[in-house]
Structures are given as C-alpha cells and as structure tokens.
1. Within the set of pairs 6 or more residues apart or between chains, which connect a residue that is closer than 18 Å to Trp283 by Cα inside region 132-146 to a residue that is charged (D, E, K, R) and surrounded by fewer than 24 Cβ atoms within 10 Å (Cβ to Cβ) with Cβ atoms less than 9 Å apart?
2. Can you name the condition, by its number, that Thr76 falls short on among (1) out of contact with any strand residue (DSSP E or B) (no Cβ under 9 Å at 6 or more places or on another chain); (2) open to solvent by 60 Å² or more (accessible area, probe 1.4 Å)?
3. Consider Ile206 carefully, then state whether it is aliphatic (A, V, I, L, M) and out of contact with any helix residue (DSSP H, G or I) (no Cβ under 6 Å at 6 or more places or on another chain).
4. Is it the case that some residue within region 125-145 is open to solvent by less than 20 Å² (accessible area, probe 1.4 Å), of a type in the set (Ser, Thr, Tyr), farther than 21 Å from Arg77 by Cα and out of contact with any Asp or Glu (no Cβ under 7 Å at 6 or more places or on another chain)?
5. For region 1-51, give me the residue count where each residue is in a helix (DSSP H, G or I) and either open to solvent by 10 Å² or more (accessible area, probe 1.4 Å) or β-branched (Val, Ile, Thr) (or both).
6. Which of the residues that make up region 247-272 are out of contact with any Leu (no Cβ under 8 Å at 6 or more places or on another chain) and either among the polar types (S, T, N, Q) or modelled with pLDDT of 95 or more (or both)?
7. Considering each residue of region 159-193, count those that are assigned to a loop (DSSP other than H, G, I, E, B), in contact (Cβ under 8 Å) with a residue 40 or more places away in the chain and either more than 21 Å from His212 (Cβ to Cβ) or open to solvent by less than 10 Å² (accessible area, probe 1.4 Å) (or both), and give that number.
8. Condition first: assigned to a helix (DSSP H, G or I) and of a type outside the set (Gly, Ala, Ser). Now tell me which residues in region 52-78 satisfy that.
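The values are calculated or read from the model by the stated rules, or taken from the named source; none is laboratory data. Quick caveat: nothing in here was measured; it's all calculated off a predicted structure. As a convention, Cβ positions derive from the backbone with ideal geometry for all residues, glycine included, and neighbour counts pool all protein chains shown. Only protein heavy atoms, including side chains, enter the accessible area calculation; ligands, DNA and RNA are left aside. Shrake-Rupley method; radii C 1.70, N 1.55, O 1.52, S 1.80 Å.
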Amino acid sequence: MRSFTGMMAVVTGGGAGMGRELVVQLAAEGCSVAACDVDEAGLAVTAERAAEASPGGGEVRVTTHRCDVSDEAQVTRFRDEVVERHGIGHINLLFNNAGISGGNSFVTSPRAEWERTFGVCWGGVYNCTRAFMPLLIASDEGCLVNTSSVNGFWAAGPGLPMSAYSAAKFAVKGFSEAMLTDLRINAPHVRVALVMPGHVGTGIVINSRRIHGRSEPDDMTAEELADARPLAAAVTGVPADRLGDEEVRMVVKGMGEAFRDNAPLSATDAATVILDGVRAGTWRILVGDDARALDAAMRADPLDLYRPDSPTVADMLANVRPREE
C-alpha cells in the first residue's frame with residue numbers, strides 16, 4: 001500500500017489528536033475518509049481542516065459521524081452511514097484510533113469509569129472491526145490499523161496504576177497479533193498494523209474527564225476533590241491530608257495541560273509515523289523514542305520495569321539504545 005490516493009478510510013476518534021491528524025493527512029494524499037467521534041464540534045474542525053488539505057476536484061470526500069464506539073448499535077449505524085454517504089461497498093483502511101483514559105485503579109476507581117474506559121479502548125476496536133471487516137475483505141487491498149499504546153506492553157504509569165487503560169491496550173495488542181495469522185489464512189489481501197504510541201501531545205487527559213462526566217478542575221465538587229486527592233498526593237509527594245482544595249485543582253488541571261503541551265512528539269508527527277508505517281507494510285509501529293526505549297527495556301528485563309523503584313522513562317531514554325525496526 002504505497003499510496004493512499006483513491007482509497008477509502010474509516011478513522012475512529014477523528015475529532016481531535018492523532019485521529020484528526022490522520023484524517024487531514026489522508027485527505028491531503030487523496031484518500032476519502034469517514035471519521036467518527038462523540039465530539040461533534042471537534043469533528044467539524046477536523047472536516048474543515050481536511051477540506052483545506054485535500055487536493056480538490058471533488059475526488060476526495062470526508063464525512064463526519066457521531067458515534068460512541070463502545071456501543072455496538074451506534075457502530076452498526078455508523079457503518080451503514082458510511083456505505084450510504086460514500087456510495088461504496090468496501091473500505092481500504094480502518095483506523096481503530098478512539099481511546100480515553102480513566103479507571104486507573106481496579107480497587108478504588110468507580111466501576112462505571114473503569115468499564116467505560118475499557119469499553120472505549122478495547123470494545124471500540126472489537127465493535128468496529130466486527131462491523132467493518134466485511135467491507136475490508138470486499139476491497140482489493142485492505143489494512144486494519146489498531147492503536148494500542150506503550151501501556152499495551154507496560155501496564156503501569158509513572159508511579160500510578162493504569163489498570164483499565166492498560167488492560168484494554170494489552171487486549172488490543174493481543175487481538176492484533178492474533179489477526180496476523182487469522183488474516184493471512186482467511187483474507188490474505190487484508191493485513192493488520194499494530195500502533196504503539198508513547199507520549200504524544202493530545203488532549204486525551206482533558207477530554208477523558210469530560211467523557212466520564214467529571215467537572216472542569218475549577219468546578220470540582222467536594223466528592224471529586226476527595227477522589228482526586230490521592231492522585232494529587234502521588235504526583236506532588238505531599239501527604240493527601242496536607243493538600244488544600246486549590247492545590248488539588250491545580251494538580252488535576254496541570255496534569256491535563258502538561259500531557260498535551262509537554263509531549264516529546266506532536267499529534268501531527270505521530271500521524272505521519274503511523275501512515276509511513278502502514279505505507280511501508282510494517283505490522284508493528286512504535287511511535288516515539290520513548291516507545292522504542294520502553295520496548296527495548298521491556299524485552300531486556302520485564303521484571304525490572306515493575307519494581308517499586310523502577311527506572312523512569314527519562315532514564316530509559318538516556319541509558320537504553322532504542323531497538324532498530
């Protein structure tokens with residue numbers, strides 16, 4: 001798949017971040033795209049940027065669709081809309097990109113938040129692959145592109161649990177690797193690509209709060225402040241009972257902004273790495289130097305990464321030479 005010109009792609013989570021950049025870059029290369037998200041305002045921005053980037057002439061069509069990928073009925077409706085609005089009986093590319101954070105602790109996080117996170121990050125991949133696989137198989141050449149994470153081989157954060165997100169991303173990784181053989185035997189003209197991003201500058205932390213129905217940091221309720229206090233204590237190193245409400249609010253707000261603004265790789269650059277990998281036929285696409293360093297460290301000594309005093313990602317970047325693809 002050396003060129004995306006004239007092809008048809010579906011991108012989930014297309015309202016922001018890497019999903020938006022995938023839509024824009026695909027459109028710029030002459031690929032028609034159907035993008036979905038729960039954020040209709042974000043989708044409108046994506047559509048505008050994609051229209052500006054596309055070569056014109058009416059050959060590239062970008063459509064937007066509101067869809068919660070964790071809901072199978074909504075995904076089925078999304079698929080039917082794609083077929084109708086694009087007038088096609090096949091797609092060439094399915095980017096299962098949608099994801100949220102949350103449900104960090106299986107022990108202390110609300111069950112609904114844990115299951116919501118798992119439902120989007122893993123259920124979305126499952127539902128969309130089920131719905132769109134017949135259309136991929138109907139193409140002359142197809143590629144299933146599943147976004148996992150470095151948390152798909154390292155089930156931890158920097159001193160914090162990430163149980164729902166990590167469990168989901170491990171599921172995405174395992175499913176994608178299983179599909180290598182499945183597709184090779186049963187649909188050899190369709191292949192799979194597994195995307196493993198490290199820290200990419202997106203609004204996932206901020207957006208996930210809204211998706212889980214939480215207040216903005218400045219408007220957090222007493223209950224939300226109490227729930228966030230242990231996290232703020234872990235981040236700051238200050239005992240929870242010594243943190244004031246404003247300090248907790250500042251930590252929560254700062255974490256979302258820092259994740260978005262202080263990343264080593266932009267969403268634009270990450271999307272370029274992904275599309276280059278798909279174009280080259282790579283089935284395992286590591287996105288970012290931190291992803292490469294973590295991958296190398298995990299392969300070298302998986303037990304070491306789970307020690308209470310395990311090395312930081314910065315340590316790994318300084319001391320571990322990234323593995324060459």
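1. Close Cβ pairs (under 9 Å, with a partner that is charged (D, E, K, R) and surrounded by fewer than 24 Cβ atoms within 10 Å (Cβ to Cβ)) amount to Glu141/Arg191; Gly142/Arg191; Cys143/Arg191; Leu144/Arg191; Asn146/Lys173.
2. Answer for Thr76: the failing condition is (2).
3. Details: aliphatic (A, V, I, L, M): yes; out of contact with any helix residue (DSSP H, G or I) (no Cβ under 6 Å at 6 or more places or on another chain): no.
The answer is no for Ile206.
4. Checked against the condition, which is being open to solvent by less than 20 Å² (accessible area, probe 1.4 Å), of a type in the set (Ser, Thr, Tyr), farther than 21 Å from Arg77 by Cα and out of contact with any Asp or Glu (no Cβ under 7 Å at 6 or more places or on another chain), region 125-145 yields no hits at all.
5. Residues meeting the conditions: 17.
6. Once the filter is applied, which keeps residues that are out of contact with any Leu (no Cβ under 8 Å at 6 or more places or on another chain) and either among the polar types (S, T, N, Q) or modelled with pLDDT of 95 or more (or both), region 247-272 yields Asn262, Leu265, Ser266, Ala267, Thr268, Asp269, Ala270, Thr272.
7. Number satisfying all stated conditions: 3.
8. Glu52, Glu72, Gln74, Val75, Thr76, Arg77, Phe78
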